[in-house]
1. Select from segment 312-327 the residues that are assigned to a helix (DSSP H, G or I) and exposed (fewer than 14 other Cβ atoms within 10 Å of the Cβ) and list them in ascending order.
2. Quick test of your reading of the structure: K415 fulfils all but one of (1) of a type outside the set (S, T, N, Q); (2) surrounded by 14 or more Cβ atoms within 10 Å (Cβ to Cβ); (3) part of a helix (DSSP H, G or I). Name the failing condition by number.
3. When you check T2 against the structure, is it of a type in the set (S, T, Y), away from the ligand (no atom under 16 Å from the Cβ) and either surrounded by fewer than 22 Cβ atoms within 10 Å (Cβ to Cβ) or on the phi > 0 side of the Ramachandran plot (or both), yes or no?
4. For G309, all conditions in the list (1) surrounded by 16 or more Cβ atoms within 10 Å (Cβ to Cβ); (2) touching a helix residue (DSSP H, G or I) at 6+ places or on another chain (Cβ under 8 Å); (3) free of Cβ contacts under 8 Å to residues at least 24 places away in the same chain; (4) not hydroxyl-bearing (S, T, Y) hold save one; what is the number of the exception?
5. Out of I461, I491, report the one residue that is within 30 Å of V365 (Cα to Cα), among the β-branched types (V, I, T) and in a helix (DSSP H, G or I).
6. Name the residue that is nearest to the chain's Cα centre (by Cα), counting only residues in segment 11-27 that are in a helix (DSSP H, G or I) and more than 10 Å from the ligand (Cβ to nearest atom).
7. Looking at segment 231-252, which of its residues are within 12 Å of the ligand (Cβ to nearest atom) and either out of contact with any Pro (no Cβ under 7 Å at 6 or more places or on another chain) or in a helix (DSSP H, G or I) (or both)?
8. Only one of these conditions is not met by S259: (1) closer than 20 Å to T13 by Cβ; (2) surrounded by fewer than 22 Cβ atoms within 10 Å (Cβ to Cβ); (3) within 11 Å of the ligand (Cβ to nearest atom); (4) small (G, A, S). Which number is it?
Amino acid sequence: MTKVRVRFAPSPTGALHIGGIRTALYNYLFAKKHGGTFILRIEDTDQGRFVPGAEEYIIEALNWVGLTPEEGPGFGGEFGPYRQSERKEIYHKYAHELVGLGNAYYAFDTPESLEALRSAEANFTYNHTVRDGLDNSLNKGMEYAEKRIAAGDAYVIRLKVTPGETVHIPDLVRGDVMVQSSELDDKVLLKADGMPTYHLANIVDDHLMEITHVIRGEEWLPSAAHHVLLYQRFGWTDTMPKFAHLPLILKPVGNGKLSKRDGAKFGMPVFPLDWKGQSEEEFFQGFREAGFIPDAVVNFLALLGWHPGDDQEIFTREELISAFSVEHIGKSGARFDFEKAKWFNHKYIQDLGDAELMNFVKPLVQAKGYKVSDEYLQKALAMMKERVTFLSDFVEEAYYLFEPVRKYDEESIAKKWNTNLGPFFAGLKDILVTFEPFSSLSLEDMTKKMMLESGFKPGEILPMLRIALVGTMKGPAVFDTAELLGREETISRVDSFLQHVQAN
Ligand code: GLU
């Protein structure tokens, strides 16, 4: 059996959309499942759309989610180069070979003459109905063409599509997709600047790189008929890859394709990593910077268009590899449910081991300039772990574990504070100065005793103590927080709180 070889073939025309990561993931899972090879190929033949930094972004994003290619630019492999801009001669050779086979032809029509034809007829298509009247080697002969090429005239090479054929696209998701060749145009294969179009480069490379399966987004399905024709015309049908076109990713509201602008619109990332383009509108937030764990993103994306056949939702990487099958990829669009992504992230954070969690959060703590010991951080993480959705919550929402309270929940203070509580808190503060041991349990015991003696109910004291320590009614258990903060900080917070309520 031939060894499975799949490729992820992005064009470096900007930040890689999260849908691109899903495509990469499905290719990766398929390769791993079949003991195959996962290849990265950079499709950068469209010089006009080249964006600096985009290739680096793609590689960084793949590394972040742990989808490291076995072959690709910078990854080694025997089928390189893996950047299409470095394979120009190869495409040139094959385009001319196709002309030699009588399946492609030279065309000299200038952009202006084509523009004139298009403005005269809105639906103008360069195809079998018009090509015999245009400036090409089919109409005017090979001798004419060779002379013009020798004279240095600009030309393109077009695929000669024969009308009246049914083109079958064998798609593992959609079955046999049929297209009538009469509806297809004579696609340009080699452009006037000597660069190949996507269609030619893609087919030549898939052939030479011995790709066995093409797994890519549904938006490429309309191109697939031309691709199948190219395999046929080159005489490569025996090794033509099988196709699997992945369903569209839809907006969170259900209808319409998820677009890069939806990130800002719905307040969620739709890119793997932050992307800073030239202008402010070109800033896109990434899942990484939003505080996601890469494995959670992988798990979320795996189920965005693929279903395991049962109701399992949490999958380790190994489980995904063994459960994945192209047959279980859906045909209809998959809704980008950001709430679900959050749910996965929360679950993954809860399940992280102490050391792993530390590795994720420590850089965030350091970036904020907080100076705490590993031991302190470890305890803080353990306390918050159950309560956070994003990694950033550890330093944003739970900032109070690293710096004094910035803001008190005034509404709760207004409801619960009364001046009679003043002496209780002042007394508590005094006791704390020497109280031993300064541990959650003993502090709780001692406070309970104080409440019993003074006749205050826990519902009167504890919410206010919580607000004194963390500023809000939410957050970890109040005595655990006190133990973590330690004697000095706890006293100082009770003190600040008293000053605050007494001043108001
Ligand atoms: N370069 C195309 C893209 O940007 C690749 C499509 C394919 O996989 O054939 O998605």
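1. Correct list: E318, S322, E327.
2. It is condition (2) that K415 fails.
3. Against the criterion (of a type in the set (S, T, Y), away from the ligand (no atom under 16 Å from the Cβ) and either surrounded by fewer than 22 Cβ atoms within 10 Å (Cβ to Cβ) or on the phi > 0 side of the Ramachandran plot (or both)), T2 qualifies.
4. Among (1) surrounded by 16 or more Cβ atoms within 10 Å (Cβ to Cβ); (2) touching a helix residue (DSSP H, G or I) at 6+ places or on another chain (Cβ under 8 Å); (3) free of Cβ contacts under 8 Å to residues at least 24 places away in the same chain; (4) not hydroxyl-bearing (S, T, Y), G309 violates only (1).
5. Just a single option satisfies the conditions, and that option is I491.
6. Out of the qualifying residues, it is I18.
7. Hits for segment 231-252 are P241, A244, H245, L246.
8. With (1) closer than 20 Å to T13 by Cβ; (2) surrounded by fewer than 22 Cβ atoms within 10 Å (Cβ to Cβ); (3) within 11 Å of the ligand (Cβ to nearest atom); (4) small (G, A, S) applied to S259, the lone miss is (3).
The values are calculated or read from the model by the stated rules, or taken from the named source; none is laboratory data. Not measured: the values here are computed from a predicted model. Reconstructed Cβ throughout: ideal geometry from the backbone, glycine too, with neighbour counts over all protein chains shown.
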